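Data block below; observations after.
The values are calculated or read from the model by the stated rules, or taken from the named source; none is laboratory data. Computed from a predicted structure; not experimentally measured. Heads up, the Cβs are rebuilt from the backbone with ideal geometry, glycines too, and the neighbour counts pull from every protein chain shown. Surface areas here come from the heavy atoms of the whole protein model, side chains and all, with no ligands, DNA or RNA. Shrake-Rupley method; radii C 1.70, N 1.55, O 1.52, S 1.80 Å.
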Amino acid sequence: MSGNGSRPSRSTETRRNLAAPRLSIPRSYAGVYVDGNAVSPATMGGISGIVQRSGATVVDGSVIGSPPSDTRSPRLYLSGPADAVAPVARPFEGSAVQARPLTGGIGQASAL
């Protein structure tokens, strides 16, 4: 709070503005939005809220490891609604990328 107690301080407002993702999502999108960026669980929660308002389902993703090669296999951790996570993981079956669904909802993959 600022000195007058009625509104957040300028530094608090600045932090909120910096933390708020700048997303341009269609007003009506019924698909699945997968965010695999390296963000904090709190930021992912904010992103999820924005995207869900459009009608989309959100899947939180986190890639850990080196790019795929003959000797390396990165992991793609996914969290969110199970009925959305499974179809996102499916295309990676049999590939060098190991998709690993997590329980616990949005933010679990970002927490890794």
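Numbers for the structure displayed
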| quantity | calculated |
| --- | --- |
| Flag if residue 15 is open to solvent by 60 Å² or more (accessible area, probe 1.4 Å) and either modelled with pLDDT of 95 or more or assigned to a loop (DSSP other than H, G, I, E, B) (or both) | no |
| Residue list for the range 86-112, filter: in a helix (DSSP H, G or I) and under 14 Å from the mean Cα position of the chain (by Cα) | 88 |
| Residue within the range 33-45 that is surrounded by 12 or more Cβ atoms within 10 Å (Cβ to Cβ), under 23 Å from residue 109 (Cα atoms) and at pLDDT below 70 present | no |
| Test: residue 60 is touching an Asp or Glu at 6+ places or on another chain (Cβ under 9 Å), under 11 Å from residue 110 (Cα atoms), modelled with pLDDT under 95 and open to solvent by less than 20 Å² (accessible area, probe 1.4 Å) | no |
